[in-house]
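Report on one structure; see the data block that follows.
The values are calculated or read from the model by the stated rules, or taken from the named source; none is laboratory data. If you're wondering where the values come from, they're calculated on a predicted model, not measured in any experiment. Methodologically, a virtual Cβ is constructed for each residue, glycine included, from the backbone with ideal geometry; neighbour enumeration extends over all protein chains shown.
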Amino acid sequence: MKPYVKRQKNDAADAEAICEAVTRATMRFVETKTPEQQSCLMLHRTRHLFIRQQTAVINAIRAHLAEFGVVAPVGRNGVEALLEVIADPNDKRVPEVARVCLAALGAQLRRCKEQILEFDRMIMAWHRSSETSKRLDAIPGVGPALATALVASVADPRAFRSGRNFSAWIGLVPKQHSSGGKERLGSIS
């Protein structure tokens, strides 16, 4: 609405700008999402938040144990080895106070993993209940998580004139080989 605001920003000026914009023939409107789509998007965002928290807890456990000289390989097995060190009261490399703190982090990590698995089950259930999501899942490289996220994000696919417009909307842009004011767009990689 910014191009249609004539004076400083306030509610009345914003309302006038909205009325002006709606009268324009070339104005494009955003389709509203259904409550089911909104809830699926919330499910994906919450799952993503828990994954970030899981990564933060794993990094904290690794960093704290590294201060005591306990290092493990990168990956799931390495974290499990660190959790075994924390759980072993006979391992004298980690002081008792630190062990209590690390055990709390280990418990939080387990809760994050359980919550992520629960969200994955909910995403799969939503996927199975959506015919559009199942059709998208048949495309090579598209799984249930991506299919449900697309179905939840796009209220009306007919709003896009082409696949290229849809690609730009989700952030996939073509390679550019431009020089000297001459634009040469390649394919989307």
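Summary of computed values
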quantity: Selection status of Leu41, closer than 22 Å to Arg121 by Cβ, of a type in the set (A, V, I, L, M), in contact with a helix residue (DSSP H, G or I) (Cβ under 6 Å, 6 or more places away or on another chain) and surrounded by 12 or more Cβ atoms within 10 Å (Cβ to Cβ); calculated: yes
quantity: Counted residues, the stretch 148-189 - those being in contact (Cβ under 8 Å) with a residue 24 or more places away in the chain and charged (D, E, K, R); calculated: 2
quantity: Residues that are of a type in the set (Gly, Ala, Ser), more than 28 Å from Ala147 (Cα to Cα) and not in a loop (DSSP other than H, G, I, E, B), drawn from the stretch 157-189; calculated: Ser179
quantity: Subset of the stretch 12-23 [among the charged types (D, E, K, R) and at pLDDT 80 or above]; calculated: Asp14, Glu16
quantity: The one condition in (1) at pLDDT 95 or above; (2) in contact with a His (Cβ under 6 Å, 6 or more places away or on another chain) that Gln108 fails to fulfil; calculated: (2)
quantity: Residue in the stretch 74-96 that is within 25 Å of Leu41 (Cβ to Cβ) and either surrounded by fewer than 12 Cβ atoms within 10 Å (Cβ to Cβ) or in contact (Cβ under 8 Å) with a residue 12 or more places away in the chain (or both) present; calculated: no
quantity: Residue that is nearest to Phe50 (Cα to Cα), among those in the stretch 97-110 that are hydrophobic (A, V, I, L, M, F, W, C) and exposed (fewer than 15 other Cβ atoms within 10 Å of the Cβ); calculated: Ala107
quantity: Selection count where residues are assigned to a loop (DSSP other than H, G, I, E, B), at pLDDT 90 or above and closer than 20 Å to Lys33 by Cα, scope the stretch 128-156; calculated: 2
